[in-house]
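Single-structure report; data block below.
Just so you know, all these numbers are worked out from the coordinates, no wet-lab data involved. Computed from a prediction, not measured in an experiment: that's the story for all the values here. For neighbour counting, all protein chains shown are included, and Cβ atoms are generated from backbone atoms with ideal geometry for every residue, glycine included.
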Amino acid sequence: MSKSVTINQWIAAAHRGDAIGDNARVLRDMFRAWGHESHIFSLTIDNDMEGDALPWTDAASRDGDITIYHYAVPSPMTEAFGRLPGTRILHYHNVTPAHFFAPWDAGLARFCQVGREQLATMADRTDLALGVSEYNRAELESLGFGETGVLPIAVDTDRLRNAGPVPAIESILAHDFVNILFVGRIAPNKKIEDVIRLAEIYKRYVDFRYRFIFVGKYDAVPSYYASIRGLISEYRMMNERFWFTGAVPDIELAAYYRHAHAYVSLSEHEGFCVPLVESMAMDVPVLAYGAGAVPETLGGAGVCFTPKDLEQAAEVLAALIYDEPFRTQVITGQRARLKDFSRERLESQVRSVLAAVA
């Protein structure tokens, strides 16, 4: 696309540390560098994001020659998106199936159900529908979307690689324990209960010097989080070996990655899984259950396993931590895979998207 156009992006919420918002900012800066006018419009904007994102109620949000709607939750944006006069591109980040939340929170389960219902309404009102993974693209196709493609999430790994030290945290993390990391919200689809069961097996048969660290919000589904704490008590494990940090700024997140001996994901539904890319960028060997888009994101890197045999997973986890040749081999593979998420590769993919709708 050679001539200058206006490319707007719509997101539901603008706050730091959110993968969708971070992705939108990377794309906006890219569009501007190419000579296009580009803005991000959001329904809600945190105080520290004012000016970086503009209110969606601003009339200018409807004036884009191209509008990219980043979809992950139901909102009033959906109906308005379908009426826009310009080119409409849907960027689908996935909606968690309602059945994961149904036993824990009927309101959240309904919210997810509505999210998937709204997604289907855009099938005949979208010029191009992009999944952040082939897994998501296939879902769009199954819902009747015509022109579909894949545009992965832009993950800004430099914000972690270049982060400064956090002595107060790192002095504790450096103590004589193995740090096993998970990053993401504590939600039912993430299957944190399986991580606790893995910890029990690891403690019993592999090593008592463990510490599991969960970085991310834990108050989204209070009853689910309470059940996780209950499971730790049921196994009579020490609470101080399980850290639930809540949401943290990037500088602290980088510290947790730097001191992690391994990253574990036992999630059963992922549309992309940004922490896998972050772990690869920070040289943390990954052990992940192969559900949803996880095998696609890893692309042969890390250790991706099925079925969910936790005893075998504990053995592999021990090898990732203590078997230095194996650990080195895995990290080398992750570094190679990381090149597929480079800025140059992303720019090429975005140019192809713009050319498709020119």
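Please give the helix 222-234 orientation as an angle from the longest Cα principal axis of the chain, in degrees from 0 to 90, rounded to the nearest 10. Orientation of helix 222-234: about 10 degrees from the principal axis. Just tell me which aspartates and glutamates come within less than 13 Å, Cα to Cα, of Lys217; anything on the same chain fewer than 8 places away is out. Here the aspartates and glutamates satisfying the reach criterion relative to Lys217 are Asp18. For Lys308, the lysines whose Cα falls under 22 Å of its own Cα, not counting residues fewer than eight places away in the same chain, are Lys190, Lys191, Lys203. Rounded to the nearest 0.05, what FRET efficiency do Glu37 and Ile201 have when you use their Cβ-Cβ distance and R0 = 51 Å? Working from the Cβ atoms, E equals 0.40. Label sites at Asp323 and Glu79, each approximated as a point 7 angstrom past Cα along Cα to Cβ, lie 5.7 nm apart. Residues Glu79, Glu268, ranked from the fewest to the most other C-beta atoms within 10 Å, line up as Glu79, Glu268.
Packing, taken as the mean count of other beta carbons within 10 Å per residue, orders the peptides 249-256, 115-122, 232-239, 177-184 from highest to lowest as 177-184, 249-256, 115-122, 232-239. By the rule of a C-alpha distance below 14 Å, with chain neighbours fewer than 8 residues away ignored, the aspartates and glutamates paired with Lys339 are Asp156, Asp158, Glu278, Asp283, Glu347.
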